[in-house]
């Protein structure tokens with residue numbers, strides 16, 4: 001099944017997220033999937049299932065964004081400075097509700113293959129720290 005068919009083509013958003021938040025959540029999920037340098041099909045399946053729940057903007061190709069996200073995540077995981085920049089950017093793109101969704105889905109991704117590796121646990125800790133909830137933010 002292509003990713004294009006996973007997203008409802010709608011000009012309105014009934015998932016409560018902005019397009020920037022949807023993209024940031026995808027970035028979070030890819031970050032968790034690539035953190036341990038072991039990609040399990042169960043992780044990928046979970047990301048696909050989560051993606052089906054979003055109202056992806058029909059003007060943005062998910063396939064294009066997925067490639068962009070993967071590149072950003074790999075660069076972020078390559079060195080500490082890029083990782084800090086990546087996590088700071090995620091925090092700025094996500095409102096409180098989207099942060100909660102992202103963290104819940106991230107936990108599911110790192111648990112998807114049944115093995116919680118040190119790298120995944122460190123990635124989750126970095127995400128929790130970076131995605132601090134902001135008073136008054138939606």
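Please treat every number below as a calculation from the coordinates, not as lab data. All figures in this text were calculated on a predicted structure; none of them were measured in a lab. For neighbour counting, all protein chains shown are included, and Cβ atoms are generated from backbone atoms with ideal geometry for every residue, glycine included.
Per-structure values
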| item | result |
| --- | --- |
| Listed residues 27, 36, 45, most fluctuating in the chain (Gaussian network, C-alpha, under 10 Å) | 45 |
| Viscosity 0.890 mPa s, 25 °C: Kirkwood-radius Stokes-Einstein D of region 30-104 over Cα pairs, µm²/s | 180 µm²/s |
| Net length gained if the chain between residue 108 and residue 53 were fully extended (0.36 nm per residue, minus Cα distance) | 18.3 nm |
| Label-to-label distance, nm, for residues given as residue 91 and residue 64 (7 Å Cα→Cβ offset) | 3.0 nm |
| Debye log10 I(q)/I(0) for the chain, one point scatterer per Cα, at q = 0.17, 0.21, 0.22 Å⁻¹ | -0.90, -1.37, -1.48 |
| Region 73-95-region 101-121 distance, computed between alpha-carbon centres (Å) | 17 Å |
| Choice from 62, 81, 31 with maximal GNM fluctuation in the chain (Cα, 10 Å cutoff) | 81 |
| Most mobile of 68, 37, 59 in a GNM of the chain (Cα contacts under 10 Å) | 59 |
